[in-house]
Amino acid sequence: MTDFTPYSALVGGIIIGLSVVFYFFTTGRLAGISGIFENAITNSVNRFSNLFFLLGLVVGPLLYYNVIAPKVSIAFNITDSYTLIILGGLLVGFGTRLGGGCTSGHGICGIGRLSTSSIIATVIFVTTGMLTVTILQQFGIYL
């Protein structure tokens, strides 16, 4: 297991946890990305906080990639297929509507609140992801 990075994973988890708590205390709402995205488009009341949160999701990784990653030399490539990225995005959007939320809403906020439906949804998310990877690898498809 050459990619095991416990310290950066711990720091990342702490940052995510603190961000969720900060977002809840400043807005009174849970930090589920699909809900925040939907509210940024449809709700004019909290549009600024929603857009600011979404902007942070884009700017944060860009800063990391351009400031820290060159010093650490992390090779990272998902895919060069725009078709695959668009199809994946549509499927994720459909899945979040079908599941009543996304992995951040259910997995981070819902499990933290001990929500039974969120625990079940997260188990289904993770199981489906593991099955998908296993099936694709059986066919020799490595994304």
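The values are calculated or read from the model by the stated rules, or taken from the named source; none is laboratory data. Predicted model, so just to flag it, every value in this text is computed and none were measured. Cβ coordinates were reconstructed from backbone atoms using ideal geometry, including for glycine residues, and neighbour counts include every protein chain displayed.
Restricting Ser118, Ser104 to residues that are within 16 Å of Gly35 (Cβ to Cβ), at pLDDT below 85 and in a helix (DSSP H, G or I) narrows the list to Ser104. For the range 1-35, name all the residues that are part of a loop (DSSP other than H, G, I, E, B), of a type outside the set (D, E, K, R) and free of Cβ contacts under 8 Å to residues at least 60 places away in the same chain. The answer is Met1, Thr2, Phe4, Thr5, Gly28. For the range 36-70, a residue qualifies if it is surrounded by 14 or more Cβ atoms within 10 Å (Cβ to Cβ) and outside any helix (DSSP H, G or I), and exactly one does: Asn46. Identify all residues within the range 77-94 that are touching a helix residue (DSSP H, G or I) at 6+ places or on another chain (Cβ under 8 Å) and either under 19 Å from Gly32 (Cβ atoms) or at pLDDT 85 or above (or both); write none if there are none. The one that is touching a helix residue (DSSP H, G or I) at 6+ places or on another chain (Cβ under 8 Å) and either under 19 Å from Gly32 (Cβ atoms) or at pLDDT 85 or above (or both): Gly93.
Determine if the range 71-81 includes at least one residue that is assigned to a helix (DSSP H, G or I), free of Cβ contacts under 8 Å to residues at least 24 places away in the same chain and in the same structural domain as Gly28 (by TED's automatic domain parsing). Yes, because at least one residue in the range 71-81 is assigned to a helix (DSSP H, G or I), free of Cβ contacts under 8 Å to residues at least 24 places away in the same chain and in the same structural domain as Gly28 (by TED's automatic domain parsing). Filtered by the rule that a residue be without any contact (Cβ under 8 Å) to a residue 12 or more places away in the chain and of a type in the set (Val, Ile, Thr), the range 120-143 gives Ile120, Val123, Val126, Thr127, Thr128, Thr132, Val133, Thr134, Ile135, Ile141.
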